[in-house]
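Some notes on the structure that comes next.
Any read-out appearing in this document is the output of simple, stated calculations on the displayed coordinates, not a laboratory observation. Keep in mind the model is a prediction, meaning the values are calculated, not measured. Positions of Cβ are generated from backbone atoms using ideal geometry, with glycine treated the same way; all protein chains shown enter the neighbour counts.
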Amino acid sequence: MKATVLQDDLETFKTAYEEFSKENPTIQVQFETIPQAQYYEKLRMQLSSGDNIDLFGGNMDVFLDTGILEPLDDYVKKANVDVSGYGPLYDSLKVNDKVYGLPYRKSNWMLFYNKTLFDQAGVAYPKADMTWDEFRELAKKMTKGEGANKTYGAFLHPWAQTWYMQGVQTGASIIDKDLSAFKKGLQFRLDMEKDGSMMGWAEQITTNAHYNAAFQKGNVAMNLIGDWHVAQLRQAEAEKKISFDWDVVPVPHPEGVAANTSLATPVSLMVNKNSKHKEEAFKVLQFMTGVKGAKQFAAKGFLTGYINDEIRKTYIGDGTLKPKNIHYFVEQKEYPEYPLLPGVKNILVGSVYKQEGEMALTGAQTVDQAIQKIGQRVASEWADKYAKDYKAGKK
C-alpha cells in the first residue's frame with residue numbers, strides 16, 4: 001500500500017508504523033510526502049488522475065468535492081472503534097452525517113506571553129480565565145515607549161481568524177446567515193489598534209511583521225497564536241536566539257463563554273475510495289488515529305485528535321520543557337475554526353473574511369459594512385455553490 005502524508009508528519013508516521021508492523025507484519029505501507037507548498041494541489045491532482053494512493057492525510061475539507069473519499073462509518077462500526085476519545089471533534093468532522101476521515105492531530109489556539117516583560121513591569125501575569133475586555137486592558141498596561149524601542153502589549157497576526165474567533169467561541173459559524181456575532185471581534189481588533197497596544201494591520205503588512213519573529217524579538221508581551229508556536233520557541237531557545245522566560249494561558253473569551261474555549265483545526269487520515277486495499281488501509285488509519293498512534297504523535301509534541309489521560313500525560317511531559325502550563329492545550333473546549341466543507345477555507349477564510357476585514361481595518365469601510373458584505377459574499381460566492389450539497393457536522 002501507499003500512503004501520502006504531510007511533510008511535517010512523515011517521520012512520526014514512520015515511527016508509528018514500526019509499532020504497527022509488529023502487530024500487522026503482513027500489511028506493508030510505503031509512506032511518501034509532497035513539499036508543503038504544493039501538497040494539496042498536487043495530491044488532489046494525483047488522486048483525480050487515478051494514482052494508486054490508498055491512504056492520505058491532511059485537511060479533510062480540501063478533498064470532499066473530489067468524490068475520492070471512502071465513507072468510514074461501516075468500517076468504524078465493524079471494528080467497534082471507540083470514538084469517545086475524539087470528543088466533540090468526531091461529530092464535527094461529519095459531512096452529510098457521514099464520516100470521511102479520522103483526526104490524528106489538530107491545531108488549537110493559545111495566548112503566549114513574555115514572563116520577563118511582565119516581571120520587569122511589575123504586572124501580574126495573564127489569568128487563565130480572562131475576558132477579551134480584560135485582555136485589552138492588560139495589553140494597554142503593558143504597552144510603553146515609542147518607535148523602535150516600543151514594547152507592544154499584544155501581537156495579533158493579520159489573519160481573519162484573530163478577529164472572527166470571538167464569534168466562533170460563542171458557537172457561531174462563519175457560514176451562518178446571521179453574522180452579527182462577528183461584529184464585536186472585528187471592532188475589537190480595530191479598537192486595539194487605535195489603543196496603540198498592538199501593531200496596526202497596515203504596519204504589519206508593510207513591514208512584513210510575523211508573529212514568530214515579533215515575539216522572539218522580546219518586545220511583545222502577549223502573542224495570540226496556535227500550538228505550533230511551542231515548537232518554534234523551543235527551537236529558538238535551543239539555538240540561544242531568545243533569553244526571556246515565557247508561558248501560555250488560554251485565549252481570552254467573550255463574556256458568558258467558559259474559560260479555555262478555543263478553536264481547533266483537525267488534520268485527518270482518509271481512505272481513497274478507489275483503493276484496492278481499503279480494509280487494510282482502514283486498519284492503518286485506525287492504528288494511527290487511535291490510542292497507539294496518538295501516543296507517538298503526543299511524544300513528538302503534537303496535539304492529537306484522540307485523547308485520554310495517558311496521552312495527556314505524554315503530551316504534557318515531565319515538566320522539564322516549556323511552557324510550564326502546557327496542560328491548558330489538552331483541557332480546552334473546542335469549536336471548529338471553520339466548518340469542514342468544500343470551499344470554506346479557500347473562498348471564505350482566504351478571501352471573503354480576509355478582504356472585507358482588511359477594508360474595515362484600513363478605514364475603507366465600517367465594521368457594519370464589512371459584516372454586511374461578508375454575509376452577501378458568503379451567500380453568492382459559497383452558499384450558492386456548496387450549501388445545498390454539503391451539511392456540516394455538529395459543533
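The table that follows gives values for the structure above.
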| quantity | calculated |
| --- | --- |
| Region 109-261: relative contact order in percent, alpha carbon pairs under 8 Å with at least 6 residues between | 43 |
| Order of HIS157, HIS253 - criterion: other Cβ atoms within 10 Å of each residue's Cβ, fewest first | HIS157, HIS253 |
| Inverse mean reciprocal Cα-Cα distance (Kirkwood Rh) of the chain, Å | 22.1 |
| Pairwise FRET efficiency - ASN96 versus ARG312, Cβ, R0 = 41 Å, nearest 0.05 | 0.80 |
| Under-5 Å amide H pairs with ALA264, H placed in peptide plane, nonlocal only | TYR335, GLU337 |
| Region 16-85 and region 347-380: distance between their alpha carbon centers, rounded to Å | 35 |
| Per-peptide average of other Cβ atoms within 10 Å, ordering 100-107, 260-267 highest first | 100-107, 260-267 |
| Rounded to 5, percent antiparallel among DSSP beta bridges of the chain | 60 |
| Part-to-part distance (alpha-carbon centres) for region 252-295 and region 149-197, which is given in Å | 27 |
| Cα→Cβ-extended label distance, 7 Å offset, between ALA258 and VAL123, nm | 3.0 |
| Magnitude of the charge dipole, region 109-261, Cβ model with Lys/Arg +1 and Asp/Glu -1, debye to 20 | 260 |
| 5 angstrom amide H check on ARG105, placed H, neighbours 5+ away | VAL267, GLY305 |
| For region 242-394: rounded, prolate or oblate by the Cα gyration tensor [a/c cutoff 1.5] | oblate |
| Estimated distance in nm for a label pair at GLN372 and LYS241, the labels positioned 7 Å out from Cα along Cα-to-Cβ | 4.5 |
| Förster-model FRET efficiency, 22 Å R0, ALA231 and LEU10, C-beta, rounded to 0.05 | 0.90 |
| Tensor-based shape of region 109-261 (alpha-carbon gyration tensor, a/c under 1.5 rounded, otherwise prolate or oblate) | prolate |
